[in-house]
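Undergrad: Sharing a structure, written as structure tokens. Questions coming.
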Amino acid sequence: MNYENAVEAAEFIKSKYSKPIQTAVVLGSGLGAFADDIENAVKIKYEEIPHFQKSTVEGHAGQLVLGELNGISIAVQQGRFHFYEGYDMNQVMFPMRTFGVLGVKNVILTNAAGSTRTSLKQGTLMLIRDHINLMGVNPLRGANDERFGPRFPDMTEVYDKEFQQIATQAAAEIMQERLEQGVEKTSRLILKRGVYCALSGPTYETPAEIRMYRILGADAVGMSTVPEAIAARHFGMKVIGISCLTNMAAGMTDEVINHEEVMETGAKVAGIFKELLRRIISKIN
Ligand code: HPA
């Protein structure tokens, strides 16, 4: 997966959708419905795009959707490539690099994650303020091509501070409107903040592991996002991360964790999640 491959993929995408794109969005497990709101949508299956892989996970459509939202052109990944599927990190990062070559400036990465805090309940949306990479490998390991970014990229602020404020404000606006409409009774925040810890998967964690990750500073655990965030920052794109906390992490309740529950919770928060994304995209454009 070299730079020329990314140029080829970007050229192919441009041949199907020629408008400039400022913002790309990656939709996590159970959160794919956002793509249905896109107007004048052009959908491209991943297998059609040069050097993209096939998406193998249930709940991931495996396509790129290009089109408009409130008149703003966006690219939306309905499904992503995970390390646990057996792809190497270059394959996992490839869509980000293609976006970079396409001229995309901002990426919004979303995911389903398990909550390691009793204060972060199932169904909470969590703005990622930082991450811990425990996938066992740094995705940028290997020869560096300076066209993708520098050899030793800074990671002090992976998730853009200004964008975090914008997202928080967007969430507050939604809450205010819901209060006024009588949809909500309390002004509890709909968007919490926390640290996302990336693990390789595909197993969910053991209770002992969750206790360890909590001590290390994790508020949520998941199996994606961090390689993409690193690739995007490497390229100089700005990043927003949002986790949908689809379940309490292992050992926090008596229940076992399964993919169906993850998908169900995603569907339950879809309304507010879509509204939040819509506002963030308008504000950062
Ligand atoms: N652990 C890891 N990944 C996840 C979880 C979890 O509990 N829920 C959704 N993705």
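The values are calculated or read from the model by the stated rules, or taken from the named source; none is laboratory data. Please read these numbers as outputs of a predicted model, since none were measured by experiment. Glycine also receives a Cβ, built like all others from the backbone with ideal geometry; neighbour counts cover every protein chain displayed. Accessible surface is based on the protein model in full, side chains and every heavy atom, while ligands, DNA and RNA are left aside. Shrake-Rupley method; radii C 1.70, N 1.55, O 1.52, S 1.80 Å.
Undergrad: Can you pull the percent of region 85-135's accessible area that's carbon plus sulfur, 1.4 Å probe, other chains left in place? Let's see the in-between values first.
TA: Numbers: 670 of 1550 Å².
Ligands and nucleic acids excluded, carbon and sulfur reach 43 percent.
Undergrad: If you rank Thr56, Thr253 by how much accessible surface each has, with a 1.4 Å probe, what is the order from largest down?
TA: The ranking, largest first, comes out as Thr56, Thr253.
Undergrad: If the only charges are +1 at each Lys and Arg Cβ and -1 at each Asp and Glu Cβ, what is the size of the charge dipole of region 23-174 around the Cα centre, to the nearest 20 debye? Display every interim value, and only then the final one.
TA: On the way: 13 positive and 17 negative charges, 69 e Å.
With only Lys, Arg, Asp and Glu charged at Cβ, the dipole is about 340 debye.
Undergrad: While we're here: Sequence neighbours fewer than 8 away in the same chain don't count; with that in mind, list the lysines whose C-alpha is under 27 Å from Lys19.
TA: Lys43, Lys45, Lys54, Lys105, Lys238, Lys274, Lys283
Undergrad: Right, next: Largest first, what is the accessible-area ranking of Arg147, Arg80, Arg233 with a 1.4 Å probe?
TA: Descending order: Arg147, Arg233, Arg80.
Undergrad: Another question about this same structure. Run through the DSSP bridge list for the chain and note the antiparallel percent, rounded to the nearest 5.
TA: Antiparallel bridges: around 35 percent, rounded to the nearest 5.
Undergrad: Find the centroid of the Cα atoms in region 174-234 and in region 58-96, then give the distance between the two in whole Å.
TA: Region 174-234 and region 58-96 have Cα centres separated by 19 Å.
Undergrad: Over the chain, with the other protein chains present, what is the accessible area per residue in square angstrom, probe 1.4 angstrom?
TA: 43 Å²
Undergrad: Which one of Gly86, Gly123, Gly142 has the biggest mean-square fluctuation once the chain is modelled by GNM with Cα springs under 10 Å?
TA: Gly142
Undergrad: A follow-up question, please. Round to the nearest 0.05 the FRET efficiency obtained for Thr56 and Val137 when R0 = 30 Å and r is the Cβ-Cβ distance.
TA: E(calc), rounded to 0.05, equals 0.90.
Undergrad: Pop out the ³J(HN,Hα) list for region 110-121 in order, Karplus 6.51 cos²θ - 1.76 cosθ + 1.60 with θ = phi - 60°, rounded to Hz; leave Gly and Pro as x.
TA: Coupling constants for region 110-121: 10, 7, 9, 8, x, 8, 9, 10, 5, 6, 10, 7 Hz.
Undergrad: Under 10 Å, Cα contacts only: if you run a Gaussian network model on the chain, which one of Val256, Val183, Val42 comes out with the highest mean-square fluctuation?
TA: Val183
Undergrad: Continuing with this model, one more query. Glu173 versus Lys19, label points 7 Å from Cα toward the beta carbon: distance in nm?
TA: Simple spin-label model gives 2.0 nm for this pair.
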